[in-house]
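Asks: Take a look at this one; I'll ask things after.
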Amino acid sequence: MKINPAAGCRTEKNASSVSKTTSRNAAKHKSSAAGALPKLDTFERSSARPFGGQMAAAGKRGLHLEGGIPSAGELALYEPDEAEKDGIDWEGIEQYVSHINVTLENADDIQRSVHHTASLYLAAKTCLQHQFSGREDILEEKMSKLDGLMAQAKSRLVASYQNSVGRFYEQAGNPGAASRLGQEFSKAIEERFGQIESLAKEKGILGSKEEVSYPHLSLSLEVMSLENWIHNPEAEASSLKDLEAAGFVAKAAVSMDPNEWGMMSDGELGIHLALQYMKMAHTLGHLNISEEMSSLLLGSFESYMGQLSGGALTHRKDTADPYQYTLKQYREHGDIRKAFLAGAHKYLEDGFFSTFITAPGGTGMSHATRYNLSISQFFNSLESGNSGDILKAIAANGVYSMGAKINSETEHHYDTVL
């Protein structure tokens, strides 16, 4: 049935009605060429009625059927097979996969992204295998869909890690680092997927004969992963943890604001940068990062500080000497505070220790005291395990200008020590 959309609902004109038209309309009809378009207030049938004479054109009350209702064979409605319903949140998984992305903002938390991806996959896989164990054709089709989504998720994780973290290390003087780190990340993802599945079976989360819902299972897997790896300070070293540390170092480096460095003397700048390096080295040791990875991360961190300072660590002796001397003290004694004080006493004037500067809150203290406070804040953050606070302590923005928060009790203690 061909209906002109401009016509609205009109009844079809039959032969008798046409014969009763006025002479004016008849004349117009005769003057029309063969095959002329119908008038806008009529329609012409383009095919036979699908249900014989039962379908009538619309009247004022709309379309209607005359006679019996067509049989089921003529009007078939689709209803999904109950046996094919799986309870999987496919839309949620697809949305997650399409948005997953590693940037320098979240590169220090890639384990959580990998764990969430693994939890979704293993929960869906287990539910599908349990529900369609006797219908291999349906199971194969659904697993193919799930595997395809997980392949996309892994690919997006690796590619975005290369383009953010990998690019940082290449710019810091490590050609080929992006590709190398991307390959390591891909292997680490597969390894962690296997570890999560094995641990879940060991704990009875997977492998149970009882049917468990997809949301409950995915949540259980994620909680297990958090407790065993992320929130466990004694978690074993792993390549995924090393790669997350690489993200942390890159994020900390680009968080540094060199604007206040221009207010420092060359010697003060050397001490300041040495303190940032020591905090980073101590953090990587605390996290139990492998020696090989630590070497790459610290070398890149140092190189980036050199670039950010305009080459001060290599081309300005008055900055490079106190920097190297302070680091030497740290390597010999392993004590950040002692190394800082040794470097400061050797290269900086007495005013660094004795001249009081008034902070925005009205608190007065010397620069030496302020740096000592920053060291204390760093160790407190490390002890609490707050990665955000650790990163801020390493970036050390506002230390020289005394813009950070001050603990009055700690301030009094270090004024006494100094």
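Asks: What net charge is computed for the residues neighbouring Ser387, neighbours being all others with C-beta under 12 Å from the C-beta of Ser387, Lys and Arg scored +1, Asp and Glu -1?
Replies: Result for the neighbourhood of Ser387: -1.
Asks: Of the accessible area of region 166-251, with the probe set at 1.4 angstrom, what percent is carbon plus sulfur?
Replies: Answer for region 166-251: carbon and sulfur cover 47 percent of the accessible area.
Asks: Which pairs break 26 Å Cα to Cα here: Lys241/Lys338; Lys145/Lys203; Lys251/Lys279; Lys328/Lys392; Lys279/Lys317?
Replies: Long pairs (Cα-Cα over 26 Å): Lys241/Lys338; Lys145/Lys203.
Asks: Leaving ligands, DNA and RNA out of it, work out the accessible area of Asp108 with a 1.4 Å probe and give it in Å² to the nearest 10.
Replies: Its heavy atoms expose roughly 30 Å² to the probe.
Asks: Could I ask something else about it? Report the gain in length on full extension from Ala237 to Glu94: 0.36 nm times residue separation, minus Cα-Cα distance, nm rounded to one decimal.
Replies: Stretched fully, the Ala237-Glu94 segment lengthens by 48.3 nm.
Asks: What net charge is computed for the residues neighbouring Met278, neighbours being all others with C-beta under 12 Å from the C-beta of Met278, Lys and Arg scored +1, Asp and Glu -1?
Replies: +3
Asks: Please work out how much length the chain gains when fully extended from Ile357 to Asp266, using 0.36 nm per residue of separation minus the C-alpha to C-alpha distance, in nm with one decimal.
Replies: My answer for the length gained is 30.8 nm.
Asks: While we're here: Which trypsin sites (Lys or Arg not before Pro) from region 114-175 combine a DSSP loop assignment with at most 16 other Cβ atoms within 10 Å?
Replies: Arg135
Asks: Another question, then. Could you list which residues have their amide H under 5 Å from that of Gly364, counting only those 5 or more apart in sequence or on another chain, with H placed in the peptide plane?
Replies: Distant-sequence amide H within range of Gly364: Ala359.
Asks: Compute the length gained on full extension between His216 and Glu140: take 0.36 nm times their separation in residues and subtract their Cα-Cα distance, giving the result in nm to one decimal.
Replies: 25.0 nm
Asks: Rolling a 1.4 Å sphere over the protein heavy atoms, what is the accessible area per residue of region 299-388, to the nearest Å²?
Replies: 49
Asks: Can you pull out the chymotrypsin sites (Phe, Trp or Tyr not before Pro) in region 172-265 that DSSP calls coil and that have at most 14 other Cβ atoms within 10 Å?
Replies: none
Asks: Right, another one. Ser265: net charge of surrounding residues, Cβ under 12 Å, Lys/Arg +1, Asp/Glu -1, itself excluded?
Replies: -3
The values are calculated or read from the model by the stated rules, or taken from the named source; none is laboratory data. Since we're looking at a predicted model, the values are computed, not measured. All Cβ positions, glycine included, derive from the backbone under ideal geometry; neighbour counts span all protein chains shown. Calculation scope for accessible area: heavy atoms of the full protein, side chains included, ligands and nucleic acids excluded. Shrake-Rupley method; radii C 1.70, N 1.55, O 1.52, S 1.80 Å.
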